[in-house]
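The values are calculated or read from the model by the stated rules, or taken from the named source; none is laboratory data. In this text the structure is predicted, and so the values were computed from the model without any measurement. Every residue, glycine as well, gets a Cβ built from its backbone with ideal geometry; the counts of neighbours run over all protein chains shown.
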Amino acid sequence: MAKYQSPKSSILNLLRENYNETFTIQDVADRIGVDRDTASKYLAVMDAEGSINMVKQIGTTKLFRIKEDPLLNLRRCRDNLSNILENYPEKFEAEEATAVEKTKDMLDQKLKQSVR
């Protein structure tokens, strides 16, 4: 049986997992499985609280993303390192690849510690 997750938690998880993307109200509603009005109300409250940002409005369409947090740059760095190692292994000497892998592991550990 799936564990219940509040709409607010679902929205935060969605935006954190996709920190490079922006989402419309309808995008959020569709992705977390609530109706548009529910998503709109939660997004407005969360924007007012400062946990997310409305980053752009095009006509009546509002675009939201997770608010920048201090750990976001660490996550991006880790993701970039992983991408480089996976997609361009031939670009590294063995020592360089080991150093990059160690840096990625260190970032993973720091991120895990910060969540506690």
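Does region 29-55 hold any residues that are over 16 Å from N18 (Cβ atoms) and basic (K, R), and which are they?
R36, K41
Taking the residues in region 105-116 that are modelled with pLDDT under 80 and aliphatic (A, V, I, L, M) as candidates, determine which candidate is farthest from N20 (Cα to Cα).
Across region 105-116, the extreme among qualifying residues is V115.
Check every one of the helices (runs of 4 or more DSSP H) wholly within region 1-104 and list those with 2 or more residues that are surrounded by 15 or more Cβ atoms within 10 Å (Cβ to Cβ) and modelled with pLDDT under 80.
By residue number, 72-87.
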